[in-house]
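Remarks on the structure that follows.
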Amino acid sequence: MSFFGVRRHAAPAALPVEGRLPGFDGATGWLNSEPLTAEGLRGKVVLVDFWTYTCINWLRTLAYVRAWAERYEEHGLVVVGVHTPEFPFERDVDNVRRAAKDMRVEYPIALDPDYAVWQAFANHYWPAVYVADAEGRIRHHQFGEGMYDECERVVQWLLREAGRDGVPDDLVSVTPQGFEVQADWESLESPETYLGYEQAQNFDEEPGSLRLNHWTLSGDWTIGRRAAVLNQADGRIAFRFRARDVNLVMGPRARGESVPFRVLLDGEPPGDAHGLDADEEGRGTVAWLRLYQLIREPGAITDRTFEIAFEAPGAEAYCFTFG
C-alpha cells in the first residue's frame, strides 16, 4: 500500500551538526561502485544506510531508501549501503551479492564484515540511517523503522542548502511488496527469537502445549551458538505466536544443497495464509542462507501454532522474526 502521497511540507526544524562523516576506509570491498571516500563525496548529500540482508527491520525500510536513491540521485544525493553482517554467513560476499540483486539494491554497497565502518560511525543498530550535508557534516540520523517523511524532508532540505535546483517538494509514494510491507503493529505480539544457545529464550524442552512466544524442537538437533542444526530427517520446530507474518532465517548447512520442508498452521496446511516461500500446502525448499517468509495471515490475527518439518538433514535455523 502507499503510505505517502503527493504532499508538500515545511522545512524541518534547525538541523544540528552531529559530527563529521567518518568515511568508509574500513570497508573490505564494494558492490555497485568503485570505492567511495568522505573527501570524494564532498559537494554531495550522502545518506548512509547500515543493513544486513536477513534483517526484517531493514527490509521494511528498503522501499523508501531505494525510492530516495532513484529520485534524488540527479539532484546530488548519494546513498551508500553499509552491509555489516549479523550472522557468519552474511560475511560471504557471494551471499551479499546475491541478496543485493534479488532485493534490487543498486546503489553503492560498502562491505563491512569486520565492523570497521560500523565502529567508525559508533553505530549500534540495524537499520540505521545517517545523512550528511555537502560539507561532510552529519546533520540527521534515524535508528530503526519509521520516520520516513522526516528523513526525506531532511534530504530535500540539505540538497536545497547545497544550492541544488529543482528539488521536489512532495514525498515519494511507494507500494511495498513481500518482505518490504510494513508490520501489522497493532496485532504484533511475538518478538524476534533466536534459536542458537547464545541468545535463545522461551525454549521448551518437552514438546506439548506451548505458551505464547515459546518454541520447541523435535527430532535430532544440535543447538549451536548461533543456530539449531538438524542432524537427521524429519526434524521439526514449533512456535506459538501472534502476528500476521512468520519469517525464519535459515538455510542448508552446505552450499549447493537444498532441504525440502512443509509448514503447518494449527496442524493444517496454511492455505491462503502461506508466505512467499511456501505454497498453499505449506511446501517449500531451503536453498540458501537467507530470510524465508513462511506465513502471511490475510485474516484475523489470533494466537496460532506454527510448525515447520524438514524432510532431510542439514537445515540450519537461526532466528524467527514476525510482522
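A short reminder: the numbers here are calculations on the coordinates, not readings from a lab. Everything numeric in this text was worked out from a predicted model, so none of it was measured. When we count neighbours, we look across all protein chains shown, and the Cβ atoms used for this are built from the backbone with ideal geometry, even at glycine.
Once you reduce the range 224-248 and the range 75-115 to the center of their Cα atoms, the two points are 26 Å from each other. For the range 106-120, backbone phi angles converted through the Karplus equation (6.51, -1.76, 1.60; θ = phi - 60°) give residue-by-residue couplings of 9, 7, x, 10, 8, 7, 10, x, 9, 6, 5, 5, 3, 6, 4 Hz, Gly and Pro being listed as x. Dividing the mean sequence gap of close Cα pairs (under 8 Å, 6+ apart) by how many residues the range 139-260 holds gives a relative contact order of 18 percent. Per-residue Karplus couplings for the range 15-28, computed as 6.51 cos²θ - 1.76 cosθ + 1.60 with θ equal to phi - 60°, are listed in order as 8, x, 9, 9, x, 8, 5, x, x, 10, 4, x, 5, 8 Hz, Gly and Pro entered as x. Taken as entire DSSP H runs, the helices of the chain never both span 15 Å or more between Cα atoms along their own long axis and average 1.6 or more on the Kyte-Doolittle scale.
Each Cα pair under 8 Å and six or more residues apart adds its sequence gap; the mean of these over the residue count of the chain is a relative contact order of 19 percent. Residues whose amide H lies under 5 Å from that of residue 82, counting only those 5 or more places away or on a different chain, are 49, 50, 51, 110; hydrogens are built 1.01 Å from N in the peptide plane.
According to the square roots a ≥ b ≥ c of the eigenvalues of the Cα gyration tensor, what is the shape class of the range 193-322, taking rounded for a/c under 1.5, prolate for a/b larger than b/c otherwise, and oblate for the remainder? Oblate, since a/c reaches 1.5 and b/c is not below a/b.
Compare the peptides 314-320, 228-234 by average per-residue count of other Cβ atoms within 10 angstrom and give them in order, highest first. Could the numbers behind the result be given before it?
Numbers: 314-320: 23.9, 228-234: 17.3.
Result, highest mean first: 314-320, 228-234.
Under a 5 Å amide H cut-off, with hydrogens placed 1.01 Å from N, residue 274 pairs with 296 among residues at least 5 apart or on other chains. Of interest is the spacing of the C-alpha centroids, which for the range 123-155 and the range 160-187 amounts to 13 Å. For the range 228-233, putting each phi into the Karplus relation 6.51 cos²θ - 1.76 cosθ + 1.60 with θ = phi - 60° gives couplings of 9, 10, 8, 8, 9, 4 Hz, in residue order, rounded to whole numbers and with x for Gly and Pro. Over the range 19-180, Cα pairs under 8 Å with separation of 6+ residues give a relative contact order of 35 percent. Amide H contacts under 5 Å for residue 29: 111, restricted to partners 5 or more places along the chain or on a different chain, H placed in the peptide plane at 1.01 Å from N.
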